[in-house]
Amino acid sequence: MTGPKIGVVGGGQLARMMAPAATELGFDLRILAESEDVCARRAVPFAPVGDYRDYDTLAAFAREVDVLTFDHEHVPTDFLQRLMDEGVNVQPRPTALVYAQDKIEMRKAVDRLGLPNPRWAEVRTLDELLAFGKEGGWPVVLKTPRGGYDGKGVMVLDDEQDAREKSAPWFEQLPARTDFSALLVEEKVPFTRELSALVARRDSGQVIAWPVAESIQVNSVCDEVIAPASGISPEVAEAAQAAALKVATELGVTGVMAAELFEVPGSEAGFLINEFTMRPHNSGHWTQDGSVTSQFEQHLRAVANYPLGATGIKGEIALMKNFLGGTNDDIFGVYPQLMEDYPAAKVHYYGKAVKPGRKIGHINMTGPANELAALRQQAIAAASLLTNGPSTP
């Protein structure tokens, strides 16, 4: 007797972290890996290597599973539509996934849904960019609508001179692009912090949300997450959850979706939408140890169209701290000290080779709300031990 066969395109850490949830549920998880050395291959027995940008390779993998889902958003939507036309169960569907793939389409959708958007525009020339900055004021943020992540494909422009000097190469390359024909420019939002509204939806229409979390960024990369977001007003939290649930429902999202938000006190809703991610997300890793149902189990349940699990926090507060590659190249060598000094820390190492600055794992902790500061100190110290090794006396 076997459970549903769930195929995941991509072999990164998100696919790897679906494996324990699939094992517990008895699901048959399969991975289409980009290369021999991707980290999910060491956690999933059936993980053939193949190029998802080759339709025949993708189709051969997809035909052997009950549902196809994703570790990333880079699979061409025309490929996914062809698979659906052939009868493959693709979740989320390309008609929803496009809003995570294309930031311009995402901005248009936020406007259509009447949700809080920053001021934005499509621009195809430097003159259009300068007109946007002149009309609404500088600084502005210029983005490639596709392919950017963790600060890549993003350019902050402080004034007209800055725009002329920095953005010219992007406009010069635009006519040769085949993946998009315009750039996205947005106001630089004067936010106080970033929030994440994590939700899940299954094909039947059932939706559910986790508590809104605070996402702390360092160098445009998620560094810490605290759930629930400390000091958030009930009204803003409720509105943020409602916005994310509306997006998931109206756009027909299936699986886990993160709505990344800017908290903007004094604005009408208290926040503006930054972007969507239609898969498990770094801002939801705390759910592995801090929620009744982790985002990885929930994603599998959702794409297989099983009833969704409870999303309450275990205890009062949960947090996550990423750790990067650094000077310590012996991760397991520091485990004994880490486990002795920080017995409440839950380590999630992705099995990736250590490279300076590379995200290779995270630490989760839970506890009483009044111990948040102490828990953060412990998580930061534990992460530093993994990154840099023991401090020398």
_For segment 43-87, which positions are of a type in the set (Lys, Arg) and exposed (fewer than 15 other Cβ atoms within 10 Å of the Cβ)?_
ARG53, ARG63
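For (1) in contact (Cβ under 8 Å) with a residue 12 or more places away in the chain; (2) outside the structural domain of VAL292 (by TED's automatic domain parsing); (3) under 25 Å from the mean Cα position of the chain (by Cα); (4) part of a strand (DSSP E or B), each residue gets a yes or a no:
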| site | (1), (2), (3), (4) |
| --- | --- |
| VAL347 | yes, no, yes, yes |
| ILE363 | yes, no, yes, yes |
| ALA373 | no, no, no, no |
| ARG376 | yes, no, yes, no |
*Find the residue count for segment 326-341, including only residues that are assigned to a loop (DSSP other than H, G, I, E, B) and either surrounded by 11 or more Cβ atoms within 10 Å (Cβ to Cβ) or of a type in the set (A, V, I, L, M, F, W, C) (or both).*
4
_Cβ contacts < 6 Å: first residue within 18 Å of PHE271 (Cβ to Cβ), restricted to segment 243-255; second residue modelled with pLDDT of 95 or more and of a type outside the set (A, V, I, L, M), any location; separation 6+ or different chain. Result?_
ALA248/ARG201
*asked:* Restricting to segment 20-37, and then to whatever is touching a helix residue (DSSP H, G or I) at 6+ places or on another chain (Cβ under 7 Å) and not in a loop (DSSP other than H, G, I, E, B), can you tell me which residue is surrounded by the fewest Cβ atoms within 10 Å (Cβ to Cβ)?
replied: LEU25
*asked:* Quick check on my filter: what residues within segment 278-303 are in contact with a helix residue (DSSP H, G or I) (Cβ under 8 Å, 6 or more places away or on another chain), closer than 20 Å to LEU319 by Cβ and not in a helix (DSSP H, G or I)?
replied: PRO280, HIS281, HIS285, THR293, SER294
*Does segment 40-63 include one or more residues that are within 19 Å of the chain's Cα centre (by Cα) and either under 25 Å from GLY252 (Cα atoms) or not assigned by TED's automatic domain parsing to the domain that holds GLU263 (or both)?*
yes
*Scope segment 239-269; condition crowded, with 21+ Cβ neighbours inside 10 Å and part of a loop (DSSP other than H, G, I, E, B); matching residues*: LEU251, VAL253, THR254
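The values are calculated or read from the model by the stated rules, or taken from the named source; none is laboratory data. Bear in mind that the values here come from a model prediction, so they are computed numbers and not experimental data. For neighbour counting, all protein chains shown are included, and Cβ atoms are generated from backbone atoms with ideal geometry for every residue, glycine included.
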